[in-house]
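Right, one structure below, let's go through it.
The values are calculated or read from the model by the stated rules, or taken from the named source; none is laboratory data. Quantities reported herein were computed from a predicted structural model and do not represent experimental measurements. Because the Cβ atoms are built from the backbone with ideal geometry, glycine has one as well, and the counts that use them run over all protein chains shown.
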Amino acid sequence: MTLYSPAGLALLSAIPGIVLLYMLRQRFIRQEVSSVYLWDRVLRDMEVSTPWQKLKKNILMILQILCVALIAFALSNPYIRVTGKSAGSVVIVIDTSMSMQSTDISPSRIEAAKKEASRIVENLRPGTPVTLVDMGDEPVILENLSTDSGRVLRCIEEIHAGNYAEDAESTASLINSILKAQPDTRVVFLTDYRAGPTGPGIEHIIFNGGGTNHALTHQSFLRTAQGVTVLTRVESTEAYATVPVSLYVNGEIFDSREVVLGDSRRVDVYWDGIPADADYVECRIDIKDSLEADNRAWSVVSAEKPGKVLLAAEKNMFLEKALSLVPGIEVYKSTPQEAEELHGYDLYVFDGVMPEKLPDASVFLINPPANDLFKAHISGEGFAARMREHRITQHIRELSFNVGLTQVLETPLWGDVLFESESGCIAFAGKYEGKGMVVLGFDIHDTDMPLQPVFPIFIADAVKWLLPGKVVDVEAVITGQAVEFNLNPSAVEVSVRNPSGEVKKLAPPFPPAPFDDTGNPGVYTLLQKTADGPEEAFFTVNVPASRESGIDPAGYGETPGIGSSGEETVKGETAGSREVKLQGLILWFVLAVLVIEWWVYSNAV
Amino acid sequence: MNELFDSEFLDKIRRLAITSRITVSGGMGGNRKSRSKGASVEFSDYREYSAGDDFRRIDWNAYGRFEKLFIKLFMEEREAPVNIFIDASQSMKWGNPDKSIASRRLAAALGCMALSNYDRLSIFALSDQPKSSISSLRGRQGFARMLDFLVKMEYGGKTALADAIKKCKLKNDRGISVVISDMFSDQPLNETLKYLRFRKQQLYVFHILSPDEIRPEFESAISLVDSETGQERNIVVTEDLLKAYSRRYDEFVESVRKACFEQGAEYVFFDSSAPIESMVRRVAGA
């Protein structure tokens, strides 16, 4: 046991005073009686059992001495160690992902976790360094080795759960590094499932009431000549649940129905007949459950306007054919010479040529000549080209082809490799001055690339990536994710209006930084002021329901433990230990002693 | 006198005197009306006529001789001396109701019964020695004098009945002695009773205590002050203490009763709040 405020024991000096008070003559009320004849005999009888009588007479004194001793002990701030040696410092990790908003534990999982975190801090021995980590979409250290428990407690109070999935891997990496630097650290994870690393000195406190939750985990749409059809997936933790859902089109109610989830706890709902001119849809679950955040899903369903593509090539049947297969574009052809004079296209495809001044739009350069934009040198013949992972190639499992003659390109800082050979990069893609650019360093005719079945797909995906028809590059934006926009090349001012109606300016300056203020789900509006007038485009942000809505304990797999870097993982042991504060317990004893004292006094009287 | 003996009380004791009497056992009795007219009775003695006596008993021959009225007494009518010893120590002037009042009222009732029975009444007020007395009271005149004496009785001093009684001038005749006391004395009662038995007395002991002495209702810390000696005793009232007192009280009463039994004395216990009739009836029935 350790006394962290031994000065509190000074109160023990009050004990002699109490004894003195009892030693002084007690005040007796004078009362005349006829005779003390009988009382003399009574008092003699009482003296026979003197030891006990004396004890009883003094029991109040004893209780008061005990009371003072306990208070002095409490003031000395005692702690006892529960197991092992005490931890040098403590790391408290609080999961702030969306699932912590669940109310299956009153008032919510996050509030219960915060309360437990506060309790841990309050029971630490004074001066224990505390590191507080917010495990959200990225781990954030809120307090680092702070010995000011009041400050840590205030920080805990301000924590709240967001609409994102936690980044358990990054958090595990952070904890690993902390433990390597300070092995004598106790780590406490406050979460709703076994997130974070495991190992000696690491404990998990799980807040999961297993409540019922329904969620919209997926939503997509299909545009046909007859209109739009939306698919919404409804899932639940409860088998055979009946879930009422509604669909809103452009903010107006369109349809509602009750769906019954079977044994699989999942059902896909199709919404047909949505007007072709609809901009966005919202699906809602019309029943309260323990997690409200995943009960709504949004999708933008507006038709994309066709992109205008100018193909500047002498003759390239492969390219022309491939471009003709790309839906949603209108392809115009010109000679390389005429192309420099032509404006107003969304995408310029230059085959074998490169204009002196790049147009103010996205460009697709095939076998460009030497230029100042990037360096290149001619490579030898006869080698294989390999595909690299890129958004353009995300739908292609594999594309390898043989190249006869190519330029080996020095990938600029703003570019990413698309294809490479033994000699290096032979194709890259990137954003140059806010505009998309794809560069193939070879003549298609010098390769067997057009003969690959996936060649049209590659061309189509490259065109889609280059065209500013879609506002955002990704199919679905989830909360917390940073978004890069495909801006109108003629845009002079760009801002975003969030679902709450607040407008945030992004540009100028150009190019705008990625927009990361996507903490709230809903429909966002990209506002652009262009030379041709203002433009509005919608994009939606949804919660990561498929990750965070499976709120029963069986929803998730294990996360990396210590040893993911190659060390042996040890689970279940706790090297550190807790020091338990005794002050509160002692004060309860004091209260009990006071109650006993009152009882003894009452009965004596 | 009104405070101690009001008219209601006096009426009560007169009625009691008519319907109740204490008698001397062993063939000696106080005056009683003959039940059989013409029965042979043996002349015993004369005594001077006093108001209230049956005028048919006046011996006119004696009147002719002495020019004083005398009445004849027969064997059955010989007067019995009744001695009432009242504890007049300071401890008796205590209680609620005051024991001194209750004891004097009892004495008045007993005295009235004796006087109605044409017994010779003597009353002694005692503490550790005789304080005052009145003797040879008879008849109605005696009644008034008795009441006056009782009213004027003073209380004080310690209790030592044996010492005090021995100093009293008692007739040698067999008689009745009544002791009225709270018995708070270190002198054993046996000593007192033995002496009175020696003096051929038929004994009645009236043990009187106040409700406060029977069941004290003290609280907290008390300094008890003895009203006779001034001695102090500090006590802290607890449940155990009161239980111990109760035990000691029971033992005390039992010891007095036992002493009376051993000496052939009639024992009557009452508390000062009891109605006088119940006390007297107990005596009459004893």
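Reported count of residues in the range A:476-522, each being of a type outside the set (V, I, T) and more than 23 Å from the chain's Cα centre (by Cα), is 17.
Going by the conditions given, is A:R194 at pLDDT below 90, within 30 Å of A:S76 (Cβ to Cβ) and among the basic types (K, R)? Judged against the criteria, A:R194 is not a match. Checking the stated criteria, B:S181 turns out not to satisfy the condition of being within 12 Å of another protein chain (Cβ to nearest Cβ), out of contact with any Pro (no Cβ under 6 Å at 6 or more places or on another chain) and over 21 Å from B:V268 (Cβ atoms). For A:F364, are the conditions met, namely being modelled with pLDDT of 90 or more, touching a Ser or Thr at 6+ places or on another chain (Cβ under 7 Å) and under 22 Å from A:L323 (Cβ atoms)? Spelling it out, it is not the case that A:F364 is modelled with pLDDT of 90 or more, touching a Ser or Thr at 6+ places or on another chain (Cβ under 7 Å) and under 22 Å from A:L323 (Cβ atoms).
The residue list B:L224, B:L242, B:L196, B:L209 contains one member that is away from chain A (no Cβ under 14 Å) and either without any contact (Cβ under 8 Å) to a residue 12 or more places away in the chain or not acidic (D, E) (or both), which is B:L196. Restricting attention to the range B:82-106, the residues that are closer than 15 Å to B:L150 by Cα, away from chain A (no Cβ under 14 Å) and surrounded by 24 or more Cβ atoms within 10 Å (Cβ to Cβ) add up to 6.
Kindly provide the set of residues from the range B:245-259 that are more than 7 Å from chain A (Cβ to nearest Cβ) and in contact with a Leu (Cβ under 7 Å, 6 or more places away or on another chain), ordered by number. Within the range B:245-259, B:V256, B:A259 qualify.
Residues that are in contact with a Lys or Arg (Cβ under 9 Å, 6 or more places away or on another chain) and modelled with pLDDT under 90 within the range A:316-330 comprise A:V326, A:G328, A:I329, A:E330, listed in sequence order. Checking the range A:84-94 against the condition returns a match, with at least one residue being polar (S, T, N, Q), surrounded by 12 or more Cβ atoms within 10 Å (Cβ to Cβ), at pLDDT below 85 and not in a helix (DSSP H, G or I). Of the residues that sit in the range A:263-295 and are of a type in the set (K, R) and assigned to a strand (DSSP E or B), which one is farthest from A:I110 (Cα to Cα)? Among those that are of a type in the set (K, R) and assigned to a strand (DSSP E or B), it is A:R266.
From the list A:F364, A:F383, which one is among the aromatic types (F, W, Y), closer than 20 Å to A:V403 by Cα and buried (at least 21 other Cβ atoms within 10 Å of the Cβ)?
Exactly one of A:F364, A:F383 is among the aromatic types (F, W, Y), closer than 20 Å to A:V403 by Cα and buried (at least 21 other Cβ atoms within 10 Å of the Cβ), namely A:F364.
Applying the selection to the range A:334-350, what residues are in a strand (DSSP E or B) and crowded, with 18+ Cβ neighbours inside 10 Å? Talk me through it step by step, then tell me what you get.
Residues of the range A:334-350 in a strand (DSSP E or B): A:334, A:347-350.
The answer is A:L347, A:Y348, A:V349, A:F350.
Yes or no: the range A:296-316 includes at least one residue that is buried (at least 20 other Cβ atoms within 10 Å of the Cβ), assigned to a loop (DSSP other than H, G, I, E, B) and of a type outside the set (G, A, S). Yes, because at least one residue in the range A:296-316 is buried (at least 20 other Cβ atoms within 10 Å of the Cβ), assigned to a loop (DSSP other than H, G, I, E, B) and of a type outside the set (G, A, S).
Only residues that are assigned to a helix (DSSP H, G or I), surrounded by fewer than 17 Cβ atoms within 10 Å (Cβ to Cβ) and of a type in the set (S, T, Y) were counted in the range B:204-261, giving 2.
The conditions of being over 22 Å from A:P544 (Cα atoms), in contact (Cβ under 8 Å) with a residue 12 or more places away in the chain and surrounded by fewer than 11 Cβ atoms within 10 Å (Cβ to Cβ) are met by A:E258. Look through A:R109, A:R81, A:R41, A:R30 and report the one residue that is modelled with pLDDT of 85 or more, within 51 Å of the chain's Cα centre (by Cα) and not hydroxyl-bearing (S, T, Y). The conditions single out A:R109. Within the option set A:V353, A:V331, A:V363, A:V326, being touching a helix residue (DSSP H, G or I) at 6+ places or on another chain (Cβ under 6 Å), part of a strand (DSSP E or B) and not acidic (D, E) holds for one residue only, A:V331.
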